[in-house]
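Q: Sharing a structure below in structure tokens format, with a few things to ask.
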Amino acid sequence: QVHLMQSGGGSVRPGVSLRLSCTASGSGPRIIAVDWYRQAPGNQRKWIATMTRGGATHYADSVKDRFTISRINAENTVYLDIVNLTPEDTAVYYCRRTDLDPPQWGQGTQVTVSS
């Protein structure tokens, strides 16, 4: 059985950085391809970033200057680094493994940005 665990959220001040993680455990293939989404209060879940099987990355225009996806194979983890957080980044962040059929969602991690 494959498990997907997220961590790294929290309540922070504007301007700081956070690293969100999406870690696979249990039996099954190593994590390779992941989409990241976020859902702000009262809004639909929206796609924000992708790492493909080949390691290419793609970002929504709204985040491309501040968000970075990376993968550490030895840790079986994909990270989402966010710099210069603003209150508009407040949301629940979800990772979704797209290298599994069907794709697998993480449980989500809350990021709250306020002064």
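The values are calculated or read from the model by the stated rules, or taken from the named source; none is laboratory data. From a predicted model like this one, the values you see are computed outputs, not experimental measurements. All Cβ positions, even for glycine, are placed from backbone atoms using ideal geometry, and neighbour counts span all protein chains on display. We work out accessible area using only protein heavy atoms, side chains counted, and drop any ligands, DNA or RNA first. Shrake-Rupley method; radii C 1.70, N 1.55, O 1.52, S 1.80 Å.
Q: Ser114 versus (1) at pLDDT 95 or above; (2) crowded, with 17+ Cβ neighbours inside 10 Å: which is the lone unmet condition?
A: (2)
Q: Name the single residue that is nearest to the chain's Cα centre (by Cα) among those in region 34-55 being of a type outside the set (S, T, N, Q) and open to solvent by 60 Å² or more (accessible area, probe 1.4 Å).
A: Of everything passing the filter in region 34-55, Trp47 is nearest to the chain's Cα centre (by Cα).
Q: Restricting to region 41-91, name every residue that is under 17 Å from Leu4 (Cβ atoms), at pLDDT 95 or above and in a loop (DSSP other than H, G, I, E, B).
A: Listed by number, the list holds a single entry, Arg45.
Q: What are the residues in region 77-91 that are over 14 Å from Ser17 (Cβ atoms), buried (at least 16 other Cβ atoms within 10 Å of the Cβ) and not aliphatic (A, V, I, L, M), if any?
A: The first filter runs over region 77-91 and keeps only residues over 14 Å from Ser17 (Cβ atoms), leaving 77-78, 87-88, 90-91.
So of that shortlist, the ones also buried (at least 16 other Cβ atoms within 10 Å of the Cβ) come out as 77-78, 90-91.
Scanning region 77-91 gives Thr77, Thr90.
Q: Is it the case that Gly108 is surrounded by fewer than 18 Cβ atoms within 10 Å (Cβ to Cβ) and farther than 21 Å from Gln1 by Cα?
A: The answer is no for Gly108.
Q: Can you tell me which residue in region 73-115 is nearest to Ser11 (Cα to Cα), limited to those that are among the hydroxyl-bearing types (Ser, Thr, Tyr) and within 10 Å of the chain's Cα centre (by Cα)?
A: That would be Thr109.
Q: I'm told Cys22 meets every condition in (1) in contact (Cβ under 8 Å) with a residue 60 or more places away in the chain; (2) under 21 Å from Ser115 (Cβ atoms) except one. Can you identify the failing condition by its number?
A: Of everything listed in (1) in contact (Cβ under 8 Å) with a residue 60 or more places away in the chain; (2) under 21 Å from Ser115 (Cβ atoms), Cys22 misses just condition (2).
Q: Within region 92-102, restricting attention to residues that are at pLDDT 95 or above and not aliphatic (A, V, I, L, M), which residue is most open to solvent (accessible area, probe 1.4 Å)?
A: Out of the qualifying residues, it is Arg96.
Q: Considering only residues that are part of a strand (DSSP E or B), on the phi < 0 side of the Ramachandran plot and surrounded by 12 or more Cβ atoms within 10 Å (Cβ to Cβ), which ones fall in region 7-33?
A: Selection gives Ser7, Val12, Leu18, Arg19, Leu20, Ser21, Cys22, Thr23, Ala24, Ser25.
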